Amino acid sequence: MQQGKSRAGGAMQEKQYTPSLLSFFIYNPTFGPREGEEEKKILFYHPSDIEKNEKIRNVGLCEAIVQFTRTFCPTKPAKSLHTQKNRQFFFEPEDNFWIVMVVRNPMIEKPNKDGKPPTIEYQEEEILDTVYGAVVRQCYSMYKLFNGTFGRAMEAGGVELLTQKLEKFFYRYLQTLHLQSCDLLDVFGGISFFPLDKMTYLKIQSFVNRVEESLSLIKYTAFLYNDQLIWSGLEQDDMRILYKYLTTSLFPRHSEPELAGRDSPLRPEVAGNLLHYGRFLTGPTNLKDPEAKFRFPKIFVTAEDGYEELHLIVYKAMSAAACFMISASVELTRDFCEQLDGLVGPQLTLLASDICEQFTINRRISGPEKEPQFKFIYFNHMNLAEKSTIHMRKTASVCLTSVHPDLMKILGDINCDFARVDEDEEIIVKAMTDYWVVGKKSDQRELYVILNQKNANLIEVNEEVKRLCATQFNNIFFLD
Amino acid sequence: MTEPPQQHYLELSENPVQFEHASSVNNVFFDEANKQVFAVRSGGATGVVVKGPDDKSSVAFRMDDKGEVKCIKFSIGNKILAVQRTSKSVVFPDKRSLKLLKNQSINVNWYQYCPETAVILLSTTVQGNILQPFAFRNGTMSKMSKFEIELPVIPKPAKLSLSERDIAMATIYGQLYVMYLKHHSRTANSPSAEVVLYHLPREGACKKSHVLKLNTTGKFALNIVDNLVVVHHQSSQTSLIFDINLKEPDCAVNTHQPVLPARSIHPYRMPLAGPAVVPSQPPVPCQLYSSSWSVFQPDIIISASEGYLWYLQVKLHPTVNLLQDKGKLMDFLLRRRDCKMVILSVCSQILEGGVKGSLPVVATVFDKLNQVYKEYLEAEQSYTVAMESGPSRGSAAQKRPVRTQAVIDQSDMYTHVLSSFTERKEVSHKFVIAVLMEYIRSLNQHQITVQHYLYELVIKTLVQHNLFYMLHQFLQYHVLSDSKPLACLLLSLESTYPPAHQLSLDMLKRLSTANDEIVEVLLSKQQVLGALRFIRSVGGHDNVSARKFLDAARQTGDQMLFYTVFRSFQQRNQRLRGSPAFNPGENKPRIWFIFQMKPTIGGLKI
């Protein structure tokens, strides 16, 4: 942490580089076991313009490292390799299929006098295995959500189909990875739940049940408001990745048409239908268009016997979004979509304004003093509930935080410590920059608080955190 | 009759009052006030038999034949008999003196008397359509405001146009109404007959309030049964029923169509009476809607020619299949007297139907039931509050609310509908859960506290189908309200669904009266330090028994932990009593002695 202040002073500007993606590849060593056939192992390689032999060399190296480290602990193969310039992450999601992500360490470029080339200082210890390990796992989960397992593609069309699918998916997906803004939240992969009173929640239940009853094709429904989850008919793990997709990819791409200008191209459907604000975020953009296509993205979720493939219909009215999932074996028609639009549109519009009203009332009751003055991250492993007052609203491109990356790193470190032991723990850290960072773990819950109190002592910080728990977490069993 | 028997929603009472039928030697009279039938044989010389609604009010006696009897009645309690033989005299066989209390001079065409409310209605003016009511109360007679019945046609020249037969008085939903049977008139553009109801309040003016559309013409008679207006139509031999409190969405306000399609009264068979009756002889069918029937208010039908007095009754079961709109059906049933079992069977029927799109119907029905349920609970509560605040204030106002059959509470729903419904194999669990949630939503919407057994039913259903994540979400949003039993139920699920442990602890914490239980749970998980920290945080450390903590610490086999716990209690004792020693009553564990004998643990000096 020495670099903290020295940087700003110098006359010549130093240049800071954030971590970035160097390469990302997927291979299966069993596909080219013989010499000369090594290229066959490689199923996907980014960047694609790398020379063939270098690809083979890099894959070979990874294979060797994994193989070598296995001798020390056969059950837990190597997860990452730290080098001065970069860090490599290994993940074997399915037997013999390996995903490798290589991240360049953050670095500082220090200009030299006398026209010498600048000195580059790699900050090897600044990135966390847990964070980027989680990013790799997320890549796989996202692929699996839309394509099913690697094994499934192999069964359906062999290596050829698999490489096709990988190419198609990761070409776009990797562009959306923003490694510089990955942090503790990626480790948790949590779900933000929308706070709601019981009655409004029951109304939503009633809505979901009625829609599922009258449109019996619908197998599962998820309900979100303000990009926060309220109800999931899917199992937790499937919802986790679907939630990630919705909130970081789909929703940010569709800004509110109600907020768009009157002449905006986003408005036509709303203008044409005064009864409700409902619209499809997936599938047809305009139901009235005679050319409209009724194709929806397909997703794969866990079922009793392996996986099931579903159409994903995302339908939104104002801030309320409902995801309806229908077996992919059914072909969705214009009729069905019109029926859904007619049934769901008005109800969802009404519900959205109900929720909004209720939310405003609740906020008025609880008052501004209940609004957190603290910067904190909360996560519950049991229901994946996460809450952060550190992060700004996520957008498609970046996830903004309101604290310095150094502090985020400390949070990550504390999290690693917590992961090591099962028991409840509390860690208090005084950071260089006058901040106090407190981490608490109680049963399955973790809480991280950042306090900016220059002259506070340990006891005062402890008291402060107790106060936070008493106001923010008084309705859960969270040991002080 | 080809229609299925269950379609008859009106029937004659099973135990009619039987009397000697009218004949040349036997005159029959009916007294509406005492509901007594008088059979007068030969002007009373060969006997007068009085039959009342029950055996107690039946009397038989003889009196001298002093000419044809025009009318005969008892006073209340059968104390005084009054006999009218001429149009201008009434004879009281017991000689008593009468006193004139009040005198009103009005030209009267005819009168009607309603014994229930003690209101007399006089027809005045030439056309007879200005009605003047008087109310009798506590021995006084008070004039109420008169009102005019709108005639379909104003006759020219004026003549008596309102017949006594077309006017009846009855109490409906606790209010007195004058019912006017308005026949159709070719000249006045009214294609069919209607019944016009005039509301006659105790105070204030009488107002036209409801119009019942009969959609036919002919001869009619009126009854009131269970607050329903029953209109008998003689030529079609059917009856219609109207509920004036049932709102008709597609009609103008207070205009009513029949609730149900017209049906005849359920066929009735008369057992052959008399000593000559052969046991095997089948009863003979009674001719319904006979011209010899006389209809009296509110619910009496008399067949003088056959010697029967029946009470008309409404059967609710047949209405269930006649009224397709279940919301309207509920509105109808909830106002009936013996409605509970019918309502519950309708609920079961809707649920087992499994018809697509039935959830909104289920929701409507639940909401209607809970509205009535809530009103009762509120009345009950305000009564309790009034009683607690002392009978001195407003002593007359508060009456204990009557619990009618329409109050269907959670235990009724659970016992008769939901518990069996959730066990039906052929119903999808999705629908079961949706129905249970709908019921809970409706209760919540009416601010009714949901009973624990309903939550148990939800949890049971979810657990049976491994829908733990759903359960988790319900608990997360506090849809299943916190309680100790629910927390314990969750604890028992921990082995199949580990997060239930956390959910249960959270719930106990929120209850804030379950600190002992929390300690027990933590100790059972060998989380001794956690338990200790918790009891300290809630300020219960001083009073807690050290024994169970030390026991739990010993069971962990962790000596360091035992030492920490032990020291913690010693310090507490020191602080409370100035000595680290445990109280004799505190049942310090035996292990304590063992511990004392070991001076060092893990290199630590004590």
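Can you pull the mean other chain C-beta count within 10 Å for peptide B:431-438?
Neighbouring Cβ atoms belonging to other protein chains average 3 per residue here.
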From other protein chains only, count the Cβ atoms within 10 Å of every residue's Cβ in A:315-327, then give the mean.
0
Check which residues have an amide H placed less than 5 Å from residue B:215's amide H, if you skip close sequence neighbours.
B:193
Put A:220, A:140 in order of accessible area, largest first, probe 1.4 Å, and you get A:220, A:140
How large a share of the accessible area of chain A, in percent, is made up of carbon and sulfur atoms when the probe is 1.4 Å and the other protein chains stay in place?
51
Please report the relative contact order for chain B, taking Cα pairs under 8 Å with a sequence separation of at least 6, and give it as a percent rounded to a whole number.
8
May I ask you to give the solvent-accessible area per residue for the range B:419-554, in square angstrom, as obtained with a 1.4 angstrom probe?
40
Karplus-derived HN-Hα couplings along the range A:59-73 (A = 6.51, B = -1.76, C = 1.60, θ = phi - 60°), whole Hz, x at Gly and Pro
4, x, 4, 4, 4, 5, 5, 4, 4, 5, 6, 4, 5, 7, 8
Can you send over the carbon and sulfur percentage of the accessible area for the range B:326-523, probe radius 1.4 Å, protein chains only?
53
Using helices alone, what [θ] at 222 nm do you get for the protein assembly as shown, with -39,500 (n - 2.57) per DSSP H run of 4 or more residues, divided over all residues and rounded to the nearest 500?
-10500 deg cm²/dmol
Number of partner chain Cβ atoms within 10 Å, mean per residue of A:235-242
2
Chain pair A, B: total accessible area buried, heavy atoms, 1.4 Å probe, Å²
3500
Protection-proxy order for peptides A:44-53, B:123-132, each taking the mean of Cβ atoms within 10 Å per residue, highest first:
B:123-132, A:44-53
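Stokes-Einstein at 10 °C, 1.306 mPa s, Kirkwood radius from Cα pairs: D for the protein assembly as shown in µm² s⁻¹?
42
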Explain nothing, just compute: Karplus ³J(HN,Hα) = 6.51 cos²θ - 1.76 cosθ + 1.60, θ = phi - 60°, for every residue of the range A:183-199 in order, whole Hz, x for Gly and Pro.
8, 3, 4, 5, 5, 6, x, x, 10, 8, 9, 7, x, 8, 6, 4, 5
The long-range amide H neighbours of residue A:79, using H built 1.01 Å from N in the peptide plane and a cut-off of under 5 Å, are none
Which of the peptides A:182-194, A:379-391 is most tightly packed, and how do the rest follow, going by the mean number of other Cβ atoms within 10 Å of each residue?
A:182-194, A:379-391
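If the limit is 20 Å between Cα atoms, which of A:219/B:460; A:387/B:525; B:70/B:146; A:41/A:168; A:55/A:409; B:35/B:219 go over it?
On the way: A:219/B:460 22 Å; A:387/B:525 28 Å; B:70/B:146 30 Å; A:41/A:168 18 Å; A:55/A:409 32 Å; B:35/B:219 25 Å.
Those over the limit are A:219/B:460; A:387/B:525; B:70/B:146; A:55/A:409; B:35/B:219.
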What do you get for the angle between helix B:452-464 and the principal long axis of chain B? Use alpha-carbon atoms, 0 to 90 degrees, nearest ten.
70
Report, by chain and number, residues whose modeled amide H sits under 5 Å from the one on residue B:58, excluding near sequence neighbours (fewer than 5 apart, same chain).
B:52
Per residue, how many Å² of accessible area does chain A show with a 1.4 Å probe?
49
By per-residue mean of other Cβ atoms within 10 Å, what is the highest-first order of B:341-351, B:371-381, B:501-511?
B:501-511, B:341-351, B:371-381
From the phi of every residue in the range B:373-385, what ³J(HN,Hα) in whole Hz does the Karplus formula 6.51 cos²θ - 1.76 cosθ + 1.60 yield, where θ is phi - 60° and glycine or proline is x?
4, 5, 4, 5, 4, 5, 4, 4, 5, 5, 5, 4, 4
The rounded separation in angstrom of the Cα centers of the range B:453-520 and the range A:232-256 is 27
Of every hundred units of 1.4 Å-probe accessible area on the range B:111-256, the number belonging to carbon and sulfur atoms, as a percent, is 51
Qualifying aspartates and glutamates (Cα of each under 13 Å from Cα of residue A:298; at least 8 residues distant if same chain)
A:308, A:309, A:331
Give me the percent relative contact order of the range B:191-262, please, defined on Cα pairs under 8 angstrom at least 6 residues apart.
25
Which aspartates and glutamates have a Cα less than 19 Å from the Cα of residue B:143, not counting those fewer than 8 places away in the same chain?
B:116, B:203
Length gained when the stretch residue B:305-residue B:464 is fully extended (0.36 nm per residue, less Cα-Cα span)
50.6 nm
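The values are calculated or read from the model by the stated rules, or taken from the named source; none is laboratory data. Since this is a predicted model, take the numbers as computed values, not measurements. Note that each Cβ is placed from the backbone with ideal geometry, even for glycine, and that neighbours are counted across all protein chains shown. Surface accessibility is based on the protein's heavy atoms, side chains included, excluding ligands, DNA and RNA. Shrake-Rupley method; radii C 1.70, N 1.55, O 1.52, S 1.80 Å.
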